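Enquirer: Got a structure here, written out as structure tokens. Questions coming.
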Amino acid sequence: MPFSKLGLSDKVLAAVKAAGYPAPTPIQEQAIPHVLTRRDVLGIAQTGTGKTAAFTLPMLTMLETGRARARMPRTLILEPTRELAAQVEESFIKYGAKQKLNVALIIGGVSFDDQDMKLMRGVDVLIATPGRLLDHFERGRLLLTGVELLVIDEADRMLDMGFIPDIERICKLVPFTRQTLFFTATMPPEIQRVTGQFLHNPIKVEVSRPATTVANTTQLLVKSGSKPHEKREILRNLIRSSDSFKNAIIFCNRKTEVAQLHRSLLRHEFSAAALHGDLDQSARTAALDSFRKGDVKLLIASDVAARGLDIPDVSHVFNFDVPHHADDYVHRIGRTGRAGKSGTAITIVSSSDSKSVAAIEKLIGQSIAWMGEPPHAGETEPVETRERPRRGDRSSRGNRGQRGRKPAPAKPREAPPAPVTLLDDARERRPSKPAQEAESFSDSHLPAFLLRPVRVKA
Ligand code: AMP
């Protein structure tokens, strides 16, 4: 179906044409007509599927009539991270170039006063992270009773970051009669529960996960010792010797590792920037901008900081560490091979990573080939030495599978397990308690149950 049949306004159609999109993506085709008829929508889709335009385009069409009043935004979009919020703002600027709409970004890490001035002028589209939004509300700077449409984006990410209580609160502050568009990549039970609470008779739109659409990306594993300096040397050699290298995002599991690797690459005279949750907003924006513009060739990032970011034209992704959660692997390698371009994703694997690699291969439904020699059986840690890891035993966190086999042909996909992702983004405001505690411990990768508050008897 062409864009012209979806019911979008002429101005919006002109913007789509200017963006050069040949046809709507499946989520756009399925969601846009329902959004325009004011139905609630439950979209199960990840970044990279065109979901941002699936809500921005119909919103722009609907906002052509009516005017915003001071401190009373007409629509509200909630995003889990500042970068994602900024990315949505860019979409409104891009697609709404021909419209005079006021778009405000309310995120942490930047001055309240500028945001306050924008709110005062009247806002058609308010894009916010939950914490800063509630701060403005509590200061009496914002009224949410004029919100006609609410978008909750990346809901499962919000859950991982402990934002759901904030979202529940915000939902009580906006009118019951508003339209709600709810996007999530996965449907864990807690998300299922809140959809029942937030949405009224929604249209469900589900599009395939990027896990099934990485055909353009060559995936490889490379053997390494487990010492950081060994991994760093391998990484440098990979960067220097990779064919068709243009630029790369390098993922680490911890914020401290991002910083260390960044320093080391600079010492070795690579052009590199770092992106992680401990950096202040201006440093994060500067790092992203310099990478997007091509001023630096390497972006070293943690999962949360980089998740969902739309950076076109990334030739390589390097996993300096194997992610502990297979779902993060899919997100990481989804940064390359975008928009029909080919990409390469290389994962540095040490002997203790075999279980994590096996989980990734299970999720993506195929074995990943080794670059060079695969490890011999003796080089990997032995298969399960205990039936079940003891609760709280750090050494039991994965990593004891048997590996070292040659790549096998792709197996059929199995139902992916519900993903759990690491907490490492800087929260801009008082998060709900478990998230607050999880964040301060995030670098040590403790199991989630250890991060829950415990009651201590007097
Ligand atoms: P998103 O899933 O919203 O992060 O979008 C991913 C990328 O797809 C963005 O770079 C968009 O510019 C691009 N995009 C969105 N809609 C379309 C479309 N209909 N055709 C081609 N590219 C698109």
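Enquirer: Just in segment 1-71: which trypsin sites (Lys or Arg not before Pro) are loop by DSSP and have at most 14 other Cβ atoms within 10 Å? Mind dumping the intermediate values first?
Expert: Working: sites: Lys5, Lys11, Lys17, Arg38, Arg39, Lys51, Arg67, Arg69, Arg71; in loops: Arg38, Arg39, Arg67, Arg71.
Those satisfying the criteria are Arg38, Arg67.
Enquirer: For Gly43, list long-range residues whose amide hydrogen, built 1.01 Å from N in the peptide plane, is under 5 Å from its own amide hydrogen.
Expert: Answer set, sorted by chain and number: Phe182, Phe183, Thr184, Val205.
Enquirer: So, in Å, what gap is there between the alpha-carbon centers of segment 98-113 and segment 169-189?
Expert: So the two Cα centres are separated by 21 Å.
Enquirer: Count neighbours as other Cβ atoms within 10 Å of each site's Cβ, and list the chymotrypsin sites (Phe, Trp or Tyr not before Pro) in segment 144-202 that are DSSP loop with at most 11 such neighbours.
Expert: The qualifying sites are Phe176.
Enquirer: Same structure again: For segment 23-47 and segment 352-378, compute the distance between their C-alpha centroids and round to whole Å.
Expert: 37
Enquirer: Using 0.36 nm per residue, how much length does the chain from Thr37 to Asp113 gain when fully extended, once their Cα-Cα distance is taken away?
Expert: Between Thr37 and Asp113, full extension yields an extra 23.7 nm.
Enquirer: For Ile106, enumerate residues with amide H under 5 Å from its amide H, sequence gap 5+ or separate chain, H modeled in the peptide plane.
Expert: The list, which skips near neighbours in sequence, is Ile127, Ala128, Thr129.
Enquirer: Using a 1.4 angstrom probe with every protein chain in place, what is the largest-first accessible-area order of His268, His276?
Expert: His268, His276
Enquirer: Could you tell me the center-to-center distance, by alpha carbons, between segment 265-286 and segment 56-97 in angstrom?
Expert: When both Cα centres are located, 29 Å separates them.
Enquirer: Beyond a 32 Å Cα-Cα separation, which of these cross-linked pairs lie in this structure: Lys98/Lys246; Lys5/Lys362; Lys51/Lys118; Lys293/Lys355?
Expert: Where the Cα-Cα span goes over 32 Å, the pairs concerned are Lys98/Lys246; Lys5/Lys362; Lys293/Lys355.
Enquirer: Any idea what the dipole of segment 3-206 comes to, in debye rounded to 20, about its Cα centre with Lys/Arg Cβ at +1 and Asp/Glu Cβ at -1?
Expert: 740
Enquirer: Here is a further query. Could you derive backbone 3J(HN,Hα) for segment 86-96 from the dihedral phi with the Karplus parameters 6.51, -1.76 and 1.60 (θ = phi - 60°), listing whole Hz in sequence and x where the residue is Gly or Pro?
Expert: Values, residue by residue: 5, 5, 5, 4, 4, 4, 5, 5, 5, 7, x Hz.
Enquirer: How large is the accessible surface per residue of segment 217-384, computed with a 1.4 Å probe and reported in Å² as a whole number?
Expert: So segment 217-384 comes to 38 Å² accessible per residue, rounded to a whole number.
Enquirer: Starting from the Cα of Lys172, draw a straight line to each of the lysines and keep only those under 23 Å, dropping any in the same chain fewer than 8 residues away.
Expert: Cross-link targets: Lys204, Lys433.
Enquirer: Calculate, in nm to one decimal, what Arg121 and Ala286 gain on full extension: separation in residues at 0.36 nm each, minus their alpha carbon distance.
Expert: 56.6 nm
Enquirer: Specify whether the C-alpha gyration tensor of segment 3-206 places it in the rounded, prolate or oblate class, a ≥ b ≥ c being the square roots of the eigenvalues: rounded for a/c under 1.5, otherwise prolate if a/b is larger than b/c and oblate if not.
Expert: Verdict is oblate for segment 3-206.
Enquirer: So for segment 169-266, taking the charge dipole from beta-carbon charges (+1 Lys/Arg, -1 Asp/Glu), which of Ile191, Ile203, Thr217 sits furthest toward the positive end?
Expert: Ile191
Enquirer: Okay, next question. Which of the three applies to segment 100-155, rounded, prolate or oblate, going by the alpha-carbon gyration tensor with a ≥ b ≥ c and a/c under 1.5 meaning rounded?
Expert: Verdict is rounded for segment 100-155.
Enquirer: Let me make sure I get this right: for segment 215-288, a, b and c are the square roots of the gyration tensor eigenvalues over alpha carbons, sorted descending. Under 1.5 in a/c it's rounded, otherwise prolate if a/b > b/c, else oblate. Which is it?
Expert: Verdict is prolate for segment 215-288.
Enquirer: Can I ask one more? 5 Å is the cut-off here: which amide hydrogens, built 1.01 Å from N in the peptide plane, fall below it relative to Val151, excluding neighbours closer than 5 in sequence?
Expert: Those lying under 5 Å, H to H, from Val151 are Leu76, Ile77, Leu78, Leu181.
The values are calculated or read from the model by the stated rules, or taken from the named source; none is laboratory data. What you see is a predicted model; the values in this text were computed from it and never measured. Positions of Cβ are backbone-derived with ideal geometry, glycine not excepted, and every protein chain shown enters the neighbour counts. Areas reflect the complete protein model, heavy atoms only, side chains present, ligands, DNA and RNA absent. Shrake-Rupley method; radii C 1.70, N 1.55, O 1.52, S 1.80 Å.
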